[in-house]
Amino acid sequence: MTGQQIRWEAERVLALAPDAASRKAGEGLAAADRWSDTGWRGDTLWG
């Protein structure tokens, strides 16, 4: 990571979920092997 990039801890990301079902769904997507590529530009993050 360079410049202004900051790696968020899982707890910080999960705290943004609106409800328990959303948190559970997000946890299922959190594994690195679920993504073929990731990136970011400005305020946009994709995976």
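Per-residue answers, yes or no, for (1) loosely packed, with under 10 Cβ neighbours inside 10 Å; (2) part of a loop (DSSP other than H, G, I, E, B); (3) modelled with pLDDT of 85 or more:
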{"site": "THR2", "(1), (2), (3)": "yes, yes, no"}
{"site": "VAL13", "(1), (2), (3)": "no, no, yes"}
{"site": "LYS24", "(1), (2), (3)": "no, no, yes"}
{"site": "ASP37", "(1), (2), (3)": "yes, yes, no"}
{"site": "TRP40", "(1), (2), (3)": "no, no, no"}
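Report every pair of residues separated by at least 6 positions or lying on different chains whose Cβ atoms are under 8 Å apart, first residue within the stretch 24-47 and touching a residue at least 24 places away in the same chain (Cβ under 8 Å) and closer than 21 Å to GLN5 by Cβ, second assigned to a helix (DSSP H, G or I) and open to solvent by less than 90 Å² (accessible area, probe 1.4 Å).
No pair meets every condition.
For the stretch 26-35, how many residues are open to solvent by less than 60 Å² (accessible area, probe 1.4 Å) and part of a helix (DSSP H, G or I)? Break it down into steps so the answer makes sense when it comes.
Of the residues in the stretch 26-35, the ones open to solvent by less than 60 Å² (accessible area, probe 1.4 Å) are 26, 28, 31.
Then keep just the ones that are part of a helix (DSSP H, G or I); that gives 26, 28.
Residues meeting the conditions: 2.
Return yes or no: is TRP8 open to solvent by 100 Å² or more (accessible area, probe 1.4 Å), in a loop (DSSP other than H, G, I, E, B) and at pLDDT 80 or above?
Details: open to solvent by 100 Å² or more (accessible area, probe 1.4 Å): yes; in a loop (DSSP other than H, G, I, E, B): yes; at pLDDT 80 or above: yes.
Yes: the conditions hold for TRP8.
The values are calculated or read from the model by the stated rules, or taken from the named source; none is laboratory data. Not measured: the values here are computed from a predicted model. Cβ atoms come from the backbone with ideal geometry, glycine included; neighbour counts cover every protein chain shown. Areas reflect the complete protein model, heavy atoms only, side chains present, ligands, DNA and RNA absent. Shrake-Rupley method; radii C 1.70, N 1.55, O 1.52, S 1.80 Å.
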